[in-house]
Ligand code: PGA
């Protein structure tokens, strides 16, 4: 089984999301047992996209949430609101949330807990910056992010969690991590989880994944799927990534 996720970031209005869904679902999609497909859309498009995707088997997620159930948090959206809009999953700890918006490991741990409590599946994102990689601290950074971010979870909670390994220097830059770097990071994360919880979860790779490199990345040991940014915006490109996942599922 492979997982293919699209992260639309701050792109697409409702009509654009609808047009994407129409085009993407024209082609026959893989049986959901082989490849799971999800799109993480902006808050304003979630309900429209979920409706447009209907029974296609493609599910919809949010890109962020606030950990509180409700309250005086202007501009924020809770897990319950995401579910209500039709989201089944949520991204937590994407590098843009960590580095552009300054979200801390502790705040992210609260978000993961809140998402799971509400019944949302969660993709928890981790990854080192270029400085951290060059300083040789990649494993240290991944250990810290996993330990702190998942600090409030039990082994049973992991049924509804996936990790995404996204080296910050490979996101939106066109620079893909080398196969050896991907394999090392994924195996390290799987080991971390086994040591800590006695089990592991799917670990997705993200960072400049596109049709031309998807097959190689998806064939790398320890890679259970991909989180695709830029190349998920065009339905044709994203479909090619899904086809690559089918071949390796
Ligand atoms: P990218 O983004 O594929 O455009 O590099 C990946 C991500 O940010 O999840």
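Odds and ends about this structure:
- Residue of 27, 177, 52 that the Gaussian network model of the chain assigns the largest fluctuation, springs spanning Cα pairs under 10 Å: 27
- Among 238, 24, 73, the largest mean-square fluctuation in a Gaussian network model of the chain, built with springs joining Cα atoms closer than 10 Å, belongs to 73.
- Overall, the anisotropy analysis places region 1-89 in the prolate class: the square-rooted eigenvalues a ≥ b ≥ c of its C-alpha gyration tensor yield a/c not less than 1.5, with a/b exceeding b/c.
- Rounded if a/c under 1.5, otherwise prolate or oblate - region 82-236, Cα gyration tensor axes: rounded
- Our estimate of slack between residue 144 and residue 191, defined as 0.36 nm per intervening residue step minus the Cα-Cα distance, is 15.5 nm.
- Estimated purely from DSSP H runs of n ≥ 4, each contributing -39500 (n - 2.57), the mean residue ellipticity at 222 nm for the chain is -12500 deg cm²/dmol once divided by its residues.
- Per residue convex hull volume, Cα atoms of region 150-207, in Å³: 80 Å³
- Of all the options 45, 23, 114, the one that moves most in a Gaussian network model of the chain with Cα springs shorter than 10 angstrom is 23.
- Each residue, residue 84 and residue 159, gets one label point 7 Å from its Cα in the Cβ direction; the gap between the two is 2.7 nm.
- Modelled label positions at residue 135 and residue 117, each set 7 Å beyond Cα in the direction of Cβ, lie 3.3 nm from each other.
- Cα gyration tensor shape for region 55-115, rounded if a/c is under 1.5, else prolate or oblate: oblate
Read the figures in this text as sums done on the coordinates, not as results from a lab. Note that the coordinates shown come from a computational prediction; the quantities given were computed from them, not determined experimentally. All Cβ positions, glycine included, derive from the backbone under ideal geometry; neighbour counts span all protein chains shown.
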